[in-house]
Amino acid sequence: MAKPTVYPGINPRAQVNNLPTEEQTIAHVLSRDFYITGGFNEVSIGTSKYRYFFLRFPDDKAITYGVRDEIIVLLSPFENFEPRTLDAIEKIQEENSGFRLDKISAFVISKDSDFIEKLNKTIKTQKECRIITPFTYSELQSPKNTDFYRQRIKQFFFERNLFDFDSPLRRDLYFFGRDELCQNLIDKHQTGQSASLFGLRRSGKTSILLSVCRRITNQNGFASIIDCQLLYQLPWYAALYHVAFTINSDHHAKVVINEAEYTDEKATITFARDIEKIHKKLRKSVLLAFDEIEQITFGVSFGEAWRNGSSYVRFWHSLRSLAQRQENPVTLLLAGTNPRCLETPFVMGGDNPLYGHVKPEYIPGFSLPQAKQMIETLSSYMGISIDDDIYAYLVREFGGHPFLMRQACSYIKSELDKGMQRHIDRLMYEKSIAQFNEGLGHGFCELVIGVLAEHYIDEYTMLTYLARGDISEFEQLAESDSTYTQHLLGYGVISKSPSGYDFKIDSIKKHLSLKERYKKLNLTDAEKLAEIGERRNEIEHRLRRLVSQVLRSIHGEDEAKRLVLAKHDAKTRSKYSALTYRELFDANKHEIYFNDLKELMRKNWEGGFRNIFSEDVEKFNSRMVLLNSIGRSDAHKKDVSDADMQSFRGAMSWLEAKVDEYFA
């Protein structure tokens with residue numbers, strides 16, 4: 001059945017007359033461009049009362065702005081707008097759950113003449129704020145043309161970058177794709193089971209914990225998040241006090257918690273007693289969600305007593321004994337980047353209290369439907385349309401990692417804004433993603449997989465082998481210990497098929513391929529010569545810039561020019577003397593070679609080049625002579641031994657790093 005067409009106007013059953021005269025005028029003015037559906041009522045926030053109604057966009061506007069459900073129109077009859085006014089929208093949404101209300105956008109109409117300026121300031125400090133289109137009472141006392149609404153809505157819809165979230169989401173407005181995962185965690189809690197949640201950095205762990213806790217609270221349950229970044233600075237008994245205090249405070253149990261009784265000798269008994277009292281008050285189990293669990297994990301924590309295992313063992317023995325009681329006063333949800341606490345059977349020569357109690361579970365990447373729902377929804381509010389095949393490209397490129405996809409989309413939006421475009425097709429996508437991966441994407445990829453480089457060196461090494469095509473080395477490590485591939489598969493970095501292992505996140509493969517491109521093993525002679533030529537040409541180009549800048553800063557341009565020309569005899573000097581100083585470093589206009597650059601640096605070492613290369617001039621000279629000697633193999637097509645190739649790579653990597661530092 002076709003959906004009814006929506007035109008401007010007022011639903012005959014809408015109780016417009018319930019509004020004061022001034023607000024009735026506003027409703028009638030809006031009805032010239034929108035369809036007023038009803039909902040006329042009021043809501044209280046503290047001692048303040050607000051009236052509201054609902055409207056729908058006509059079909060043409062609904063398509064343009066991605067708003068197809070009814071939206072809330074909040075009337076704020078106060079002369080001074082305060083951010084808490086927006087809390088009324090959340091309350092209206094809760095109280096009208098039977099209506100199909102848009103969960104992201106709303107109109108707010110205020111009597112404050114400075115309302116629009118104040119709202120802009122609020123949006124800048126509250127990234128998770130709804131898309132609010134603001135109007136003032138005075139503006140809507142007379143009819144407006146369609147362009148007035150178009151410009152206002154465009155300003156507050158299109159100029160927001162809804163992809164640009166880099167902090168955990170504390171509300172469900174922009175939370176996508178994790179409903180089933182959250183419900184599974186809630187089901188485990190409600191059946192007295194503990195659970196875990198591990199993933200790469202920025203995979204949404206904290207956002208998921210916050211959503212789980214919100215949902216349990218909305219179901220009249222109890223859940224508390226424990227930030228382990230606070231615990232590692234405390235001894236185990238003080239950490240137990242912090243947990244008891246947090247539960248008591250979060251849920252207003254009003255149990256007297258005596259910190260003085262949390263001592264090394266008495267903390268376990270005191271904690272069990274206090275939690276039992278809280279449980280009797282609440283009459284329900286409390287979910288304890290430990291975020292960043294690696295902060296209090298043996299062998300990993302920054303805190304010495306946690307790292308050596310002493311605080312870890314006593315703390316978790318106390319908590320596990322409570323979690324295993326028949327009445328289930330607490331259940332545990334352990335979240336972080338490193339599941340070591342669940343994978344190691346023994347700690348300090350004894351049993352690990354968490355081993356076998358909770359199974360490590362990993363956060364999956366978004367599926368194609370989940371990714372499409374998130375990207376399409378947010379894009380539509382910003383007036384951006386996307387070709388359908390782009391969603392599959394994004395999932396393949398970023399493995400369904402929500403943070404990476406959002407950051408890439410954020411970059412694409414910024415590129416669209418530059419050209420005043422509102423559509424993403426394949427050509428636009430490929431151009432923007434290539435730019436993103438070459439720039440910002442490298443930093444984001446390194447951030448995401450940093451957990452492997454820090455805590456799982458062997459697994460990280462395996463990724464580098466896979467990225468640069470050293471498959472035999474990858475397979476040797478995989479066969480030596482099955483947990484290596486379990487971690488990589490669990491984190492969603494790689495996938496396995498009958499054909500073998502492959503990257504699941506193409507952007508990370510590209511990032512590591514570029515980073516590791518000069519570390520591939522078992523090169524053929526052709527590959528050796530190709531690498532030598534490529535690196536030699538690149539570094540020579542950059543050294544010309546470096547030497548040019550440093551010589552001029554030391555001696556001034558005229559004297560620097562004389563020094564560059566000094567290598568020539570009188571006749572040749574005369575030939576090149578008409579060139580500008582800059583042209584002397586242009587290989588197409590002046591013969592200046594690697595060895596010439598080396599000599600210029602060596603002869604002016606103390607004056608400036610020592611500060612760049614930070615070592616003895618003779619050691620520098622030795623490295624440069626080696627690079628010049630082996631580097632010329634490319635020009636003369638000479639074979640390069642494995643030992644010489646290793647020496648070349650070592651010296652060249654050092655030189656490249658120093659030049660990178662100079663230009664950074």
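The figures follow:
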item	result
Residue, modelled with the lowest pLDDT, within region 1-58, restricted to residues that are assigned to a loop (DSSP other than H, G, I, E, B) and more than 17 Å from Glu70 (Cβ to Cβ)	Met1
From Phe366, Phe403, residue being crowded, with 18+ Cβ neighbours inside 10 Å, outside any helix (DSSP H, G or I) and of a type in the set (A, V, I, L, M, F, W, C)	Phe366
Filter result for Ile532 (of a type outside the set (Gly, Ala, Ser) and touching a Lys or Arg at 6+ places or on another chain (Cβ under 6 Å))	no
Qualifying helices (runs of 4 or more DSSP H) (wholly inside region 407-517; at least 3 residues being free of Cβ contacts under 8 Å to residues at least 24 places away in the same chain and under 30 Å from Arg340 (Cβ atoms))	440-455, 457-468, 471-480, 482-490
Where a residue in region 15-41 is among the acidic types (Asp, Glu) and its partner, wherever it lies, is surrounded by fewer than 18 Cβ atoms within 10 Å (Cβ to Cβ), with Cβ under 8 Å and at least six apart	Glu22/Gln141; Glu23/Pro77; Asp33/Pro8; Asp33/Pro58; Asp33/Lys144; Asp33/Thr146
Residue within region 635-646 that is surrounded by 12 or more Cβ atoms within 10 Å (Cβ to Cβ), among the charged types (D, E, K, R) and more than 43 Å from the chain's Cα centre (by Cα) present	yes
Unmet criterion (only one of (1) without any contact (Cβ under 8 Å) to a residue 60 or more places away in the chain; (2) outside the structural domain of Lys431 (by TED's automatic domain parsing); (3) of a type in the set (D, E, K, R)) for Glu361	(1)
Only one of Phe302, Phe315 that is part of a helix (DSSP H, G or I) and either within 22 Å of Gln229 (Cβ to Cβ) or of a type in the set (Val, Ile, Thr) (or both)	Phe315
Which numbered condition Ile384 misses (of (1) crowded, with 21+ Cβ neighbours inside 10 Å; (2) modelled with pLDDT of 95 or more; (3) of a type in the set (A, V, I, L, M); (4) more than 20 Å from the chain's Cα centre (by Cα))	(2)
Conditions (1) in contact (Cβ under 8 Å) with a residue 60 or more places away in the chain; (2) among the charged types (D, E, K, R); (3) part of a helix (DSSP H, G or I): number failed by Glu534	(1)
Pick from region 103-156, criterion among the hydroxyl-bearing types (Ser, Thr, Tyr) and under 15 Å from Ala62 (Cα atoms), ranking: surrounded by the fewest Cβ atoms within 10 Å (Cβ to Cβ)	Thr146
Residue match in region 342-361 (condition: under 20 Å from the mean Cα position of the chain (by Cα) and either surrounded by fewer than 20 Cβ atoms within 10 Å (Cβ to Cβ) or among the acidic types (Asp, Glu) (or both))	no
Total residues in region 427-446, condition surrounded by 14 or more Cβ atoms within 10 Å (Cβ to Cβ) and either of a type in the set (Asp, Glu) or farther than 24 Å from Tyr491 by Cα (or both)	5
Number of positions in region 478-530 that are under 19 Å from the mean Cα position of the chain (by Cα) and polar (S, T, N, Q)	1
From the options Asn338, Asn328, residue that is part of a loop (DSSP other than H, G, I, E, B), at positive phi, touching a residue at least 60 places away in the same chain (Cβ under 8 Å) and in the same structural domain as Thr246 (by TED's automatic domain parsing)	Asn328
Condition broken by Gln295, with the remaining ones in (1) more than 30 Å from Arg130 (Cα to Cα); (2) in contact with a strand residue (DSSP E or B) (Cβ under 9 Å, 6 or more places away or on another chain); (3) without any contact (Cβ under 8 Å) to a residue 60 or more places away in the chain; (4) not hydroxyl-bearing (Ser, Thr, Tyr) satisfied	(3)
Filtered residue count, region 535-553, keeping only those that are surrounded by 15 or more Cβ atoms within 10 Å (Cβ to Cβ) and over 16 Å from Leu584 (Cα atoms)	3
Residue among Leu169, Leu209, Leu234, Leu200 that is in a loop (DSSP other than H, G, I, E, B), surrounded by 22 or more Cβ atoms within 10 Å (Cβ to Cβ) and not hydroxyl-bearing (Ser, Thr, Tyr)	Leu200
Which listed residue, of Leu579, Leu600, is of a type in the set (A, V, I, L, M), surrounded by 15 or more Cβ atoms within 10 Å (Cβ to Cβ) and out of contact with any helix residue (DSSP H, G or I) (no Cβ under 6 Å at 6 or more places or on another chain)	Leu579
So Ser641, is it assigned by TED's automatic domain parsing to the domain that holds Val550 and over 27 Å from Ala526 (Cα atoms)	no
Within region 550-582, tally of residues that are free of Cβ contacts under 8 Å to residues at least 60 places away in the same chain and in a helix (DSSP H, G or I)	22
Residue among Ser105, Ser76 that is in contact (Cβ under 8 Å) with a residue 60 or more places away in the chain, closer than 24 Å to Gly39 by Cβ and small (Gly, Ala, Ser)	Ser105
Failed criterion for Ile226 (all others in (1) within 29 Å of Arg314 (Cβ to Cβ); (2) part of a helix (DSSP H, G or I); (3) not acidic (Asp, Glu) hold)	(2)
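Residues checked against (1) small (Gly, Ala, Ser); (2) closer than 22 Å to Lys144 by Cα; (3) out of contact with any Leu (no Cβ under 8 Å at 6 or more places or on another chain):
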| position | (1), (2), (3) |
| --- | --- |
| Gly9 | yes, yes, yes |
| Pro12 | no, no, yes |
| Val16 | no, yes, yes |
| Pro20 | no, yes, yes |
| Asn80 | no, no, yes |
| Pro83 | no, no, yes |
| Asp87 | no, no, yes |
| Lys91 | no, no, yes |
| Phe99 | no, no, yes |
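The values are calculated or read from the model by the stated rules, or taken from the named source; none is laboratory data. This one's a predicted model, so the numbers in the text were calculated from it and none came from an experiment. Neighbour counts are summed over all protein chains in view; Cβ atoms, including those assigned to glycine, are modelled from backbone coordinates with ideal geometry.
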